[in-house]
Amino acid sequence: MLDDIQVDDSIHALRPDFAVLLMTAHGLRNGPTDERTRAWLAGAADAVAHETQTAKIEAWRDAYRAFGAKPSRTRPSVDALTRRLPLPEINQVVDAYNVISVRHALPIGGEDLDRYSGPARLVRAAGDEVSEEALGTPEPGEVIWRDDVGVTCRRWNWRQVARTRITEETVNALFILERLEPMTMEELKAAGEELADLLTELAPEARITTRLLSGGK
């Protein structure tokens, strides 16, 4: 499945520094937020005020402006998340990736693989893609994640559709860790390892696989 995921060349033309670490986890065991994940969420707030985190979030605001979005109205996911401290309690798996997102100022998406149709693709929208009413139709040129059915996430990482959302019933998941400079590739890989560690703590039997895409490769 990972080998079929694509990032369109137009994305790298827009932001040559873009890279994405893709991670699948099969055999997850999810459930409501518990004391363990609640402690993870509480500890994540310590990283938010660091100066390097601010620079990474500003890079995403610039990326949004580059395709015509207004980041003050539709914020990059990590920007919105850091404004919601203390972090919301969703479920154990979502709590885990939200913690890593805030810790590294790194947009992370979580998708239920069993609700996907075909591989994930990051593209510039034509403007006629099928989307959910709550998200609206993407604008031409907008950066979107999509599958064979339609939009899975609008405005790069602004908001995900309900169809592929991770729930307490999710067993197989795709995680999308999206990097722009000044985040280094080393930090991106470290964030992926940290997320894998948390997922393995939740489900020791989970099978985790990763793939790094950058520079159109």
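The values are calculated or read from the model by the stated rules, or taken from the named source; none is laboratory data. Predicted, not measured: the structure shown is a model, and the values here were computed from it. Neighbour counts run over all protein chains shown; Cβ positions are idealised from the backbone, glycine included.
Take residue 44 and decide whether it is assigned to a helix (DSSP H, G or I) and in contact (Cβ under 8 Å) with a residue 60 or more places away in the chain.
no
I'd like to know if region 154-173 contains one or more residues that are closer than 16 Å to residue 109 by Cα, of a type in the set (Phe, Trp, Tyr) and assigned to a strand (DSSP E or B).
No, there is no match, as no residue in region 154-173 is closer than 16 Å to residue 109 by Cα, of a type in the set (Phe, Trp, Tyr) and assigned to a strand (DSSP E or B).
Out of the residues in region 11-70 meeting the condition of being of a type in the set (Asp, Glu) and within 30 Å of residue 125 (Cβ to Cβ), tell me which one is surrounded by the most Cβ atoms within 10 Å (Cβ to Cβ).
Looking at residues that are of a type in the set (Asp, Glu) and within 30 Å of residue 125 (Cβ to Cβ), I get 58.
Here are some residues: 151, 161, 171, 143. Which one is modelled with pLDDT of 95 or more, crowded, with 22+ Cβ neighbours inside 10 Å and within 18 Å of residue 91 (Cβ to Cβ)?
Matching residue, one of 151, 161, 171, 143: 161.
Mind checking which pairs have a first residue in region 198-210 that is buried (at least 18 other Cβ atoms within 10 Å of the Cβ) and a second that is of a type in the set (A, V, I, L, M) and assigned to a strand (DSSP E or B), Cβ under 6 Å, 6 or more apart or different chains?
199/25; 206/25; 208/25
Scan 135, 106, 188 and give me the residue that is touching a Lys or Arg at 6+ places or on another chain (Cβ under 7 Å), hydrophobic (A, V, I, L, M, F, W, C), without any contact (Cβ under 8 Å) to a residue 60 or more places away in the chain and not in a strand (DSSP E or B).
135
Which numbered condition trips up residue 216, out of (1) among the small types (Gly, Ala, Ser); (2) assigned to a loop (DSSP other than H, G, I, E, B); (3) modelled with pLDDT of 95 or more?
That leaves (3) as the condition not met.
Determine whether region 6-22 contains at least one residue that is of a type in the set (Gly, Ala, Ser), outside any loop (DSSP other than H, G, I, E, B) and within 17 Å of the chain's Cα centre (by Cα).
For region 6-22, residues of a type in the set (Gly, Ala, Ser), outside any loop (DSSP other than H, G, I, E, B) and within 17 Å of the chain's Cα centre (by Cα): present.
Limited to region 5-52, what total is found for residues that are at pLDDT below 95, touching a helix residue (DSSP H, G or I) at 6+ places or on another chain (Cβ under 6 Å) and either among the small types (Gly, Ala, Ser) or at positive phi (or both)?
Of the residues in region 5-52, 2 are at pLDDT below 95, touching a helix residue (DSSP H, G or I) at 6+ places or on another chain (Cβ under 6 Å) and either among the small types (Gly, Ala, Ser) or at positive phi (or both).
Among the residues of region 80-103, count how many are crowded, with 18+ Cβ neighbours inside 10 Å and either farther than 13 Å from residue 54 by Cα or free of Cβ contacts under 8 Å to residues at least 40 places away in the same chain (or both).
So the count comes out to 15.
I'm told residue 74 meets every condition in (1) modelled with pLDDT of 95 or more; (2) in a helix (DSSP H, G or I); (3) surrounded by fewer than 19 Cβ atoms within 10 Å (Cβ to Cβ); (4) touching a helix residue (DSSP H, G or I) at 6+ places or on another chain (Cβ under 9 Å) except one. Can you identify the failing condition by its number?
With (1) modelled with pLDDT of 95 or more; (2) in a helix (DSSP H, G or I); (3) surrounded by fewer than 19 Cβ atoms within 10 Å (Cβ to Cβ); (4) touching a helix residue (DSSP H, G or I) at 6+ places or on another chain (Cβ under 9 Å) applied to residue 74, the lone miss is (2).
Go through (1) closer than 17 Å to residue 180 by Cβ; (2) assigned to a helix (DSSP H, G or I) for residue 93 and report which single condition fails.
Against the list (1) closer than 17 Å to residue 180 by Cβ; (2) assigned to a helix (DSSP H, G or I), residue 93 comes up short only on (1).
This table checks each residue for (1) closer than 20 Å to residue 77 by Cα; (2) touching a Leu at 6+ places or on another chain (Cβ under 9 Å); (3) not acidic (Asp, Glu).
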site: 149; (1), (2), (3): no, no, yes
site: 161; (1), (2), (3): yes, yes, yes
site: 175; (1), (2), (3): yes, yes, yes
site: 180; (1), (2), (3): yes, no, yes
site: 202; (1), (2), (3): no, yes, yes
site: 209; (1), (2), (3): no, yes, yes
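I'd like to verify a number: residues in region 117-132 that are surrounded by fewer than 15 Cβ atoms within 10 Å (Cβ to Cβ) and of a type outside the set (Ser, Thr, Tyr), how many?
Adding up the residues that qualify gives 5.
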